[in-house]
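The values are calculated or read from the model by the stated rules, or taken from the named source; none is laboratory data. Worth saying up front: this structure is predicted, and the values here are computed from it rather than measured. Cβ sites come from the backbone with ideal geometry, for glycine too, and all protein chains shown count toward neighbours. Please note that ligands, DNA and RNA were not included when accessible areas were found on the heavy atoms of the full protein model with its side chains. Shrake-Rupley method; radii C 1.70, N 1.55, O 1.52, S 1.80 Å.
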Amino acid sequence: MGERWQAVDDYIAAKLLGDDDALATTLANNAAQGLPPIDVSAAQGKMLFLLAQMASAKRILEVGTLGGYSTIWLARALPEGGSLVTLELEAHHARVAQENLERAGLAEKVDIRIGAATASLAAMTNEAPFDFVFIDADKQSNAHYVEEAIRLGRSGTTIVVDNVVREGGVLEADSDDERIIGTRALFDMLSADPRVDATAVQTVGAKKWDGFVLARVL
Ligand code: SAH
Ligand code: DHB
Ligand code: MG
């Protein structure tokens with residue numbers, strides 16, 4: 001089925017997304033500089049863009065920048081004067097992302113902070129609340145990142161978490177894979193936390209079988 005999922009993603013992209021030089025160049029630059037091809041798909045990127053616009057997001061937080069592919073989609077959703085903070089562990093990834101954002105004409109809206117996201121988040125004590133948070137870094141820390149998103153958000157903040165299905169791996173209750181343990185901890189946290197309302201949607205496509213959590217801070 002994988003080829004057909006890819007073919008449908010190609011169809012969606014051809015019909016609804018169009019050609020996009022900045023994004024195509026970003027993926028090519030990422031590959032040339034050795035970054036892994038684990039960006040969101042084009043259709044998912046457009047979904048993030050639309051969700052951020054639907055939320056009227058003026059301040060966006062992203063955890064996990066890689067080469068800035070999802071960052072570009074999200075930053076394009078910002079109104080005049082809007083801003084995005086994105087957190088990245090690897091200095092090399094952050095450098096490539098900075099190049100890609102400059103080429104896309106978005107660098108002035110985006111603040112890339114290098115370091116472990118847990119530390120960068122802990123250092124955020126005087127930030128205006130974020131309207132939209134996209135979490136897409138180390139999966140073992142997802143419950144903690146949602147906790148921080150709630151702290152740094154406000155009532156109504158949208159939270160999206162990528163890669164919460166992983167080809168059904170989420171069902172493996174006795175897994176010793178830290179990423180699956182982390183994803184299950186995220187679901188446990190969301191199911192018990194009265195401060196958020198959440199769902200998860202499974203997806204297939206260019207990124208195989210996976211899914212995202214969509215949550216709203218109450
Ligand atoms: N959001 C990107 C893809 C991110 S891939 C896109 O869709 O285009 C995950 C990224 O998280 C990688 O660049 C990885 O280096 C980064 N990462 C991993 N652990 C991290 C941590 N502890 N803190 C911050 N970033 C981390
Ligand atoms: C991985 C990380 C991602 O954010 C993703 O979308 C796909 C894969 C990974 O670490 O393998
Ligand atoms: Mg991801």
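Which residue, of Gly205, Gly156, Gly182, is within 25 Å of Glu88 (Cα to Cα) and open to solvent by less than 80 Å² (accessible area, probe 1.4 Å)?
Gly182
Let me spell it out: the conditions are (1) away from ligand 3 (no atom under 16 Å from the Cβ); (2) among the small types (Gly, Ala, Ser); (3) more than 22 Å from Leu27 (Cβ to Cβ), and Ala94 meets all of them except one. Which number is the exception?
With (1) away from ligand 3 (no atom under 16 Å from the Cβ); (2) among the small types (Gly, Ala, Ser); (3) more than 22 Å from Leu27 (Cβ to Cβ) applied to Ala94, the lone miss is (3).
From Ala75, Ala13, grab the single residue that is closer than 23 Å to Ala123 by Cα, touching a residue at least 12 places away in the same chain (Cβ under 8 Å) and not in a loop (DSSP other than H, G, I, E, B).
Among Ala75, Ala13, only Ala75 is closer than 23 Å to Ala123 by Cα, touching a residue at least 12 places away in the same chain (Cβ under 8 Å) and not in a loop (DSSP other than H, G, I, E, B).
Looking at region 185-202 only, could you name the residues that are farther than 25 Å from Ala43 by Cβ and either surrounded by 16 or more Cβ atoms within 10 Å (Cβ to Cβ) or among the hydroxyl-bearing types (Ser, Thr, Tyr) (or both)?
Scanning region 185-202 gives Ala185, Met189, Ser191, Asp193, Val196.
A quick yes/no check of all residues on (1) surrounded by 16 or more Cβ atoms within 10 Å (Cβ to Cβ); (2) modelled with pLDDT of 95 or more; (3) more than 16 Å from ligand 2 (Cβ to nearest atom):
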{"position": "Ala24", "(1), (2), (3)": "no, yes, yes"}
{"position": "Leu35", "(1), (2), (3)": "yes, yes, no"}
{"position": "Ala55", "(1), (2), (3)": "yes, yes, yes"}
{"position": "Ile72", "(1), (2), (3)": "yes, yes, no"}
{"position": "His93", "(1), (2), (3)": "yes, yes, no"}
{"position": "Val110", "(1), (2), (3)": "yes, yes, yes"}
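Report, by residue number, each residue of region 78-91 that is away from ligand 3 (no atom under 16 Å from the Cβ) and surrounded by fewer than 23 Cβ atoms within 10 Å (Cβ to Cβ).
Leu78, Pro79, Glu80, Gly81, Gly82, Ser83, Val85, Ala91
Could you grab me the full set of residues in region 10-22 that are open to solvent by 60 Å² or more (accessible area, probe 1.4 Å) and at pLDDT 95 or above?
Asp10, Tyr11, Ala14, Lys15, Leu16, Asp21
Has region 81-88 got at least one residue that is part of a loop (DSSP other than H, G, I, E, B), among the acidic types (Asp, Glu) and within 16 Å of ligand 2 (Cβ to nearest atom)?
No.
Of the numbered conditions (1) in a loop (DSSP other than H, G, I, E, B); (2) touching a residue at least 40 places away in the same chain (Cβ under 8 Å), Asn142 fails exactly one; give the number of that condition.
(1)
Inspect all residues belonging to region 95-107 and state whether any of them is within 25 Å of Val213 (Cα to Cα) and touching a residue at least 40 places away in the same chain (Cβ under 8 Å).
no
Is it the case that region 160-174 has a residue that's of a type in the set (Gly, Ala, Ser) and away from ligand 3 (no atom under 16 Å from the Cβ)?
Scanning region 160-174, I find at least one residue that is of a type in the set (Gly, Ala, Ser) and away from ligand 3 (no atom under 16 Å from the Cβ), so the answer is yes.
Pull up region 52-72, narrow it to residues that are of a type in the set (S, T, N, Q) and in a loop (DSSP other than H, G, I, E, B), then point me to the one that is nearest to Ala42 (Cα to Cα).
Looking at the filtered set, the residue picked out is Thr65.
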